[in-house]
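The values are calculated or read from the model by the stated rules, or taken from the named source; none is laboratory data. Nothing here was measured: the structure is a model prediction, and the numbers come from that model. Neighbour counts run over all protein chains shown; Cβ positions are idealised from the backbone, glycine included. With ligands, DNA and RNA removed, areas are computed over all heavy atoms of the protein, side chains included. Shrake-Rupley method; radii C 1.70, N 1.55, O 1.52, S 1.80 Å.
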Amino acid sequence: VNENGTQQVLPEVNEFKIQEYDLLHISEAGKALEKIRNRMGNAIYELGSWPMFEIAVSHTDKESILHFSMEFLIGRLLVNNMMNLGIYEIAKDGLEDYGINIHDLEELESDAGLGNGGLGRLAACFMDSLASLSYPAFGNTIRYEYGLFKQKIENGYQVEVPDQWLRLGNMWEVRKPKHAVDVKFWCRVVWNEETGKWEHVDAECVRAVPYDMPIVGNDTTVTNTLRLWHAEPSEEIPSNKDFRQYAQEVRDICQTLYPDDSTLAGRTLRLKQQYFFVSAGIRAIIKNHLRVYPSLSNFHEKNVIQLNDTHPVLAIPELMRILVDEYDMEWDEAWHITSHTCAYTNHTILAEALEKWPVSTMESLLPRIYQIIEEINRRFIGYVKQVSDHDDDLLNRVMIIKDGQVYMAHLAIAGSFSVNGVARLHSQILKEQEMKDFNFLYPNKFNNKTNGITHRRWLAYSNPELSALLNETIGTDWLKHPEQLEKLMEYVDDSIVQGKFYNVKQQRKQVLADYIYKHNGIRIDTNSIFDIQVKRLHAYKRQLLNIMHVIYLYQEMKVNPEFRIYPRTFIFGAKAAPAYYFAKKVIKLINSVADIVNNDPETSDYLKVVFIENYGVTIAEKIMPAADVSEQISTAGKEASGTGNMKFMMNGAVTIGTLDGANVEMAERVGDDNIIIFGLKDN
Ligand code: 26W
């Protein structure tokens, strides 16, 4: 809107609208989408991410934040980017002028599903928030050919189907071959007396080619970058290996999100993936740092690398390797820089998720990295002995290398300046139990950063009806300052606002009911309570407990005609890890109960069960706004935080939950009539 208050449509969008749309038919909506994204993608891109980044770094003292994560569960970007740019309405109207419904275009975009669940989605939420708060932050990950598998339900069972998210191409990425770097594997390390340097003899090189995606912030000029590394054959091809085999092994690195870890080959591939994106990512940061500063001596003052779980922890020895081997830095200075650059977030205390790598695997794949970890461990042991007055039991518990394995969490803690849990209870468990010894060794390292979500995607954009109600009730500042949602407290007893809220909820339930009818063929009653549990299927998340409750209700109604409940629709969504037999049986059980319950005329007016297949970001955006009840019933002490709990709460659902993860803090904030806590109260 210009100075005299008239709305002036951005010229390029205007010109774009006239040029591109009068020839279009709905059948070519895909091309329209492609053009929008290309135009926006490049336009956004030219707006500056790396160039903007350099300006930001050179003229402000702000650190640049590097988020290293093997998982980014981004979902779709078209709506999010247009909303964050403030051009969604213009685009919607423009397309309508030409008979195109923008929602048809939205449906054409595949989810970028490069993650398993909570940890990957949290990384994506953080990127959206960091950009919107104008931090120069960069994501660093792998450009997987296939994201998390697509779940089909056949005869009640989960079937995994490859996730071909790149089938239509990824319109948001820009390939940057000039920033490609070589990553070395399988070499022998030989000390060269003349040069005084370690040499990687017979190394197998892989070309890491970056693809950059813009991370568009809301109401800011900052557009950050998510860099996804793609493995391609290097010019230096190995002499001792047939090229076709080499090329296939290179292709394998970026094929799948989580290689099958039941074989040595699969586990080695996972370690290869970890080193691949970490080595390439660190080299890029160093190159950018040296474009602005004369040396690496202030590297830790200008860069922070946040390690999302232990998956990227090889960043610590890799940074040491580069500083010591390539920049001839003394070990102590290199260690000071490294251990003041890296920060580690722990997301789970599940034993099976705490990574340990066999020394044999690491030593053969990454010999120089392993040598450096040995030296880190040697010096760490010296520190432990000194601080603990030679407490050998303690030492045996905390060593980085022991029983022929490398304990990645121990390496992460030793090499980071900060270790955070993801909810107060989780961080307390880390400090007082799981990592008690390390809290003794490093009393100031451990802290809590309770998870959050981006309210833009999870409230403003996915629930426009509630967003509009908020705007008319408390004004629009809450979008930029979400803490202003507290203004709603003044309307808690306002029957007009309550009525409007009820209508919004009904509209959103209808949207989900329509989706369920279309995909499951089940009619559900929007006047029934939508009681929803969506998350990965795992014993500790207790989907089994939930479905057992449904079985109880059904059996009670069958034997006792007086026993009738307020009509309830139990909705489940969950993917089970392919090898997790128990979880797959629970999915089958839920679907079997649904078949019985939904088709029994005696009970189907009071009780329905629906299993929504292929739970992911985009379907979650339809589910969260429709919930009346949010099921957060994990075994107390097991759910590090949860983030679905927050998405449901933010859309006005009541929570049934245990005193676990972020539920504890939510209960303190929202009071007992908004969250019903049951089960163990202290561990
Ligand atoms: C399905 C069970 C599961 C548990 C842990 C799958 C994957 C993991 C990863 C190893 C770690 C992870 O994703 N943890 C989740 O991280 C979220 C973001 O911090 C938390 O909200 C979840 O509580 C935690 O389980």
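Worth a mention:
- Meets criteria (more than 16 Å from the ligand (Cβ to nearest atom) and touching a residue at least 60 places away in the same chain (Cβ under 8 Å)) for R143: yes
- Residue check: N84 meets all listed conditions (1) open to solvent by less than 10 Å² (accessible area, probe 1.4 Å); (2) within 16 Å of the ligand (Cβ to nearest atom); (3) polar (S, T, N, Q) but one, namely (2).
- Count of region 429-463 residues which are surrounded by fewer than 18 Cβ atoms within 10 Å (Cβ to Cβ) and small (G, A, S): 1
- Put simply, of G679, G657, G642 the only residue that is farther than 30 Å from N155 by Cβ and surrounded by fewer than 19 Cβ atoms within 10 Å (Cβ to Cβ) is G679.
- Residue within region 615-637 that is farther than 26 Å from L459 by Cα and among the charged types (D, E, K, R) present: no
- Looking at V209, V190, V159, just one residue is over 24 Å from the mean Cα position of the chain (by Cα) and either in a strand (DSSP E or B) or of a type in the set (K, R) (or both), and that residue is V190.
- Every pair of residues 6+ apart whose Cβ atoms lie under 7 Å, when the first sits in region 110-122 and is open to solvent by less than 20 Å² (accessible area, probe 1.4 Å) while the second is near the ligand (Cβ under 6 Å from one of its atoms): G117/R536; R121/T643; L122/N451; L122/T643
- Selection count, region 509-549, where residues are within 16 Å of the ligand (Cβ to nearest atom), of a type in the set (K, R), touching a helix residue (DSSP H, G or I) at 6+ places or on another chain (Cβ under 6 Å) and assigned to a helix (DSSP H, G or I): 0
- Counting the residues of region 412-452 that are in contact (Cβ under 8 Å) with a residue 24 or more places away in the chain, in contact with a strand residue (DSSP E or B) (Cβ under 6 Å, 6 or more places away or on another chain) and within 15 Å of the ligand (Cβ to nearest atom) gives 9.
So that you can scan it fast, the table gives a plain yes or no per residue for (1) under 30 Å from L108 (Cβ atoms); (2) within 14 Å of the ligand (Cβ to nearest atom); (3) open to solvent by 20 Å² or more (accessible area, probe 1.4 Å):
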| site | (1), (2), (3) |
| --- | --- |
| I587 | yes, yes, no |
| N598 | no, no, yes |
| V609 | no, no, no |
| E665 | no, yes, yes |
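- Meeting the requirement of 1 or more residues that are open to solvent by less than 10 Å² (accessible area, probe 1.4 Å) and within 16 Å of the ligand (Cβ to nearest atom), the strands (runs of 3 or more DSSP E) wholly within region 334-411 are 342-345.
- In this entry, L271 is excluded by the filter for residues that are touching a residue at least 24 places away in the same chain (Cβ under 8 Å), of a type outside the set (G, A, S), more than 26 Å from G196 (Cα to Cα) and open to solvent by 30 Å² or more (accessible area, probe 1.4 Å).
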